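To start, the structure itself, in structure tokens.
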Number of protein chains: 2
Amino acid sequence: MTAVHRRSEQARQAILQAAFDICQQKGYAGLTIEGVASRAGVGKQTIYRWWSSKGTVVLDAFLDALGPTIDVPPAGDHLADLRRSLHSTADLLSHPRYGPMLADLVGALQHDEALAADFQQRVYEPIRRQTTERVERACAAGVIRHIDANLAADLLFGPLWFRALLMRQPPSTDYVDEVIDALLRGLAGSTPGAGGRE
Amino acid sequence: MTAVHRRSEQARQAILQAAFDICQQKGYAGLTIEGVASRAGVGKQTIYRWWSSKGTVVLDAFLDALGPTIDVPPAGDHLADLRRSLHSTADLLSHPRYGPMLADLVGALQHDEALAADFQQRVYEPIRRQTTERVERACAAGVIRHIDANLAADLLFGPLWFRALLMRQPPSTDYVDEVIDALLRGLAGSTPGAGGRE
């Protein structure tokens, strides 16, 4: 690594750290490129040279801080792999720093189309793809019945996000297990004929 | 109604309409009390006399515009009542004006504790209470099996909110029916022994 590269990398790290710290303190809404530049000790132009928008800096800061923990490699037991994916999401949502920042990012993207597109591409879709692949493998193995993999992914992950974003009670590992057990067993009662579609 | 009361009511309506319109155009983040006052043609003091914060005005504006549609009276068929509650939520999330505003409000409350508390008390908890009561009645009638009513509510509503907030694809009526049918039937496959807890 040349001296120029090293200085660039130092600046990049300082910018990401500054963006992460400001988001922790003031939330996404309170972060400005000016604030990041000031805290990182760089010019605004340095930031705009590498990132096109506030959202892309903050997502990089989030993913950089998070590291490889977002990826849960499969172990071969299909249902256990799905359970580990859910535990991993629950851990993330319950993490004292990453959880609120992730909720804040999801909140901010509701009225920030550039952030929404970036989040879809870099965070949501890779996790989604991993999940639907695991659902398909579990279906093929007969561990869960044949079901649309996207619907199954919604059923598995929806309750966790609902807890975190609407109830603001990050899901625990025990809660994940309750969700999975309830989903496997189904909700049908002893009088299944009642209450059909209208 | 006296002339003073009538003027008060006119000012109140103008403020709520202004808050609603600004939220539609600029989102919650872009709304200021100054902006609402200016658009409604009132002084800031008039707003602060009736509302303690930006969040309370916006929630009032949202609920006032929404009217009584948030409430779905029960018809007696327990599963159909639950299905109608879910359809109602899906309709709300898919509505061209209310859906994005609701998503924006849920987004904003991730870093706005006053708004979060208000939203919990005035929007979330009444719907939650209605849902858990319906789940309990459906359990008692044997239409759905015995299950913790809060867990069942998460399983039912979680996927809808997940679609709206994470995937940004507001749920359709057909999607609601797919969720309910999948939940009733359960996900268990033909080899239920596989993939237990770790």
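Summary table below
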item: Candidate aspartates and glutamates for bridging to A:Lys54, where Cα separation is under 18 Å - those fewer than 8 sequence places away on the same chain excluded; result: A:Asp21, A:Glu34, A:Asp64, A:Asp104, A:Asp112, A:Glu113, A:Asp118
item: Number of partner chain Cβ atoms within 10 Å, mean per residue of B:23-32; result: 2
item: Over the protein assembly as shown: helical MRE at 222 nm, DSSP H runs n ≥ 4 each giving -39500 (n - 2.57), nearest 500; result: -21000 deg cm²/dmol
item: FRET E, pair A:Ser8, A:Thr132, Förster distance 45 Å, beta-carbon r, rounded to 0.05; result: 0.75
item: Inter-chain shielding of A:96-106 (mean C-beta neighbours from other protein chains, 10 Å cut-off); result: 2
item: Average beta carbon contacts from partner chains per residue of A:75-85, 10 Å cutoff; result: 3
item: Shape call, the protein assembly as shown: gyration tensor on alpha carbons, a/c limit 1.5; result: oblate
item: In order through segment B:33-42: 3J(HN,Hα) via Karplus (6.51 cos²θ - 1.76 cosθ + 1.60), integer Hz, x for Gly, Pro; result: 4, 4, x, 5, 4, 4, 5, 7, x, 10
item: At 7 Å out from Cα toward Cβ: A:Ala140 inter-copy label distances (nm, ascending); result: 4.8
item: Label point distance in nm, B:Ser52-A:Ser53, each placed 7 Å from Cα along Cα→Cβ; result: 3.6 nm
item: Cα convex hull volume per residue for chain B (Å³); result: 155 Å³
item: Alpha carbon centroid spacing (whole Å) that separates segment B:114-184 from segment B:1-23; result: 34 Å
item: Inter-site label distance for B:Asp64 and A:Thr173 at 7 Å from Cα along Cβ, in nm; result: 5.0 nm
item: Table column - 3J(HN,Hα) (Hz), segment A:153-169, Karplus curve with 6.51, -1.76, 1.60, x for Gly and Pro; result: 4, 4, 5, 6, 8, x, x, 5, 5, 4, 4, 6, 8, 8, 8, 6, 10
item: 5 angstrom amide H check on A:Ile144, placed H, neighbours 5+ away; result: A:Cys139, B:Gly189
item: Summed residue charge, Cβ within 15 Å of A:Asp104's Cβ, Lys/Arg positive, Asp/Glu negative; result: -2
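Computed from the coordinates by the stated procedures, all read-outs in this text should not be read as laboratory data. Not measured: the values here are computed from a predicted model. Backbone-built Cβ (ideal geometry, glycine too); neighbour counts: all protein chains shown.
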